[in-house]
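Visitor: Structure incoming, see below.
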Amino acid sequence: MPPEFNPSFQVPNWSWWIVLYFFFGGITGGTYFAAAWLDLFGDARDRAAIWLGHLLTFPLLVLCTAFLIVDLGQPLRFWHMLLQSERLPLPMFKAYSPMSFGSVILAVFGLVAFVSFVDALLAGRDGRLHAPGNPIGKIVAAIGAVGGLALAGYTGVLVNVTNLPVWSTSPWLGMLFLFSGVSTGIAFLLLIARRYPSTTIEKLEEADNYMMILESIALVLFLLGLGVIGSRFILGNPPVLALFLVVIVVGLAVPFALRFIPRRPAAFAGLASVCVLVGGFVLRWAVLAGPQGVGL
C-alpha cells in the first residue's frame, strides 16, 4: 500500500484472484463476442472459428468464476449471490448492487455459453442450434454477444463504484475494461485459431485493431479523468506508472505495429496476440495496484 494512502479509505484488499477473475472474465466475454460477431455477420469460411469460440467460452467462464468464488473467502456461500436463502428457489437480485448485477450477468451469460458449448460439442463445426441460417441460433448469438460485452465491461463498473482514488475518480474504467476485454478475447481466439482460413484471421485482426484503438482512447480518457488525487497514485508511484507503460507499449503499440508489417513472418501474428494478452493482464494489475500497491 502506498505510504501516502489516506487511511479514511477502506482498502478492499483485492488480490491476485481478482486480477485473474477480471482478466479471464474479459477474455471469456470477448471470445464469445468474437464468435457471435462471426456467426451473425461472417460466412461459411468462419465456421471453424465460430465453433472454437463456442467450445472455449464455457470452460473459460467456469475458470474465471472459480477465481471469484475462491476470493470470496467462503466459497460455499457463493450461491447466496444467485438465490434467496430464505425463499428458495427465488433468484437474488438487488438493483442497487453492482455485485448483484454481476451475478445476474454471470448466470445469464453462463446459460447461453453452456448452450452454445453443448451445441459445439455434440453437433460439431456445423452445429445444430448455430447452424447457418437457423434464426434461433442467431438470436442466441446476439444475446450471448450482449452478455459477453456486459461481462467484459461490468468489472470496470464494479471497481468504479468504490470510493477509492484511481478507481472512483475517473468514470471511464468500465469502457476501458470493455474494449480491453473484447480485444483480449479476440487475441485469444486468434492465438488458438491461427491456422484457420486467412479471411477469418484478417477479419479478427481487423476487429482487434479497432478494439485496440478504442482501448487506447479509453485509456487516455481514464488517465485524464483521474484528477489530482487519482493521478498521485499513478504518476507519483513509479512501479504503478511502469505497469501502465507496459500496457501502452507492449499491449497496444507493439501488436498494432506487428500487424502492419508488410509480408510479416507468420510468427508475428502469434506474437501480436501474446502481446495483447500480456497488456490486458497488466492493465488489470495496474488498475488494482493503483490504490493498493503493486504487490497486491
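The values are calculated or read from the model by the stated rules, or taken from the named source; none is laboratory data. The model shown is predicted, which means the values in this text are computed figures rather than measured ones. Glycine also receives a Cβ, built like all others from the backbone with ideal geometry; neighbour counts cover every protein chain displayed.
Visitor: Of the conditions (1) part of a helix (DSSP H, G or I); (2) over 17 Å from the mean Cα position of the chain (by Cα), P171 fails just one. Which one is it?
Guide: Evaluating P171 over (1) part of a helix (DSSP H, G or I); (2) over 17 Å from the mean Cα position of the chain (by Cα) leaves (1) as the failure.
Visitor: Looking only at residues that are of a type in the set (G, A, S) and touching a residue at least 60 places away in the same chain (Cβ under 8 Å) in region 170-184, which one is farthest from A152 (Cα to Cα)?
Guide: In this case the residue turns out to be S170.
Visitor: Residues that are polar (S, T, N, Q) and either surrounded by 21 or more Cβ atoms within 10 Å (Cβ to Cβ) or touching a residue at least 60 places away in the same chain (Cβ under 8 Å) (or both): find the helices (runs of 4 or more DSSP H) completely inside region 185-296 holding 2 or more of those.
Guide: Qualifying helices (runs of 4 or more DSSP H): 198-224, 266-292.
Visitor: Exactly one condition in (1) part of a helix (DSSP H, G or I); (2) buried (at least 20 other Cβ atoms within 10 Å of the Cβ); (3) not small (G, A, S) is not met by K138; state its number.
Guide: With (1) part of a helix (DSSP H, G or I); (2) buried (at least 20 other Cβ atoms within 10 Å of the Cβ); (3) not small (G, A, S) applied to K138, the lone miss is (2).
Visitor: Which ones in region 44-68 are crowded, with 18+ Cβ neighbours inside 10 Å and farther than 20 Å from G144 by Cα?
Guide: Correct list: F67, L68.
Visitor: Which ones in region 219-251 are of a type in the set (V, I, T) and modelled with pLDDT of 85 or more?
Guide: Answer for region 219-251, where residues must be of a type in the set (V, I, T) and modelled with pLDDT of 85 or more: V220, I234, V240, V246, V247, I248, V249, V250.
Visitor: Okay, moving on. Determine the pairs where a residue that is over 17 Å from G30 (Cβ atoms) and aliphatic (A, V, I, L, M), located within region 50-77, has a partner that is surrounded by fewer than 14 Cβ atoms within 10 Å (Cβ to Cβ) and modelled with pLDDT under 90 with Cβ atoms under 7 Å apart, the partner being 6 or more residues away or on another chain.
Guide: Partner pairs satisfying both residue conditions: I69/P75.
Visitor: A further question follows. Within region 194-242, can you find the residues that are under 22 Å from F268 (Cα atoms) and among the hydroxyl-bearing types (S, T, Y)?
Guide: Answer for region 194-242, where residues must be under 22 Å from F268 (Cα atoms) and among the hydroxyl-bearing types (S, T, Y): Y196, S198, T199, T200, Y210, S216.
Visitor: Give me the residue from region 7-41 that is at pLDDT 90 or above and polar (S, T, N, Q) and, out of that set, farthest from the chain's Cα centre (by Cα).
Guide: Only one residue tops the list, namely T31.
Visitor: Let me ask another. Consider I201 carefully, then state whether it is of a type in the set (A, V, I, L, M) and under 25 Å from L55 (Cβ atoms).
Guide: Considered against the rule, which asks whether it is of a type in the set (A, V, I, L, M) and under 25 Å from L55 (Cβ atoms), I201 comes out as yes.
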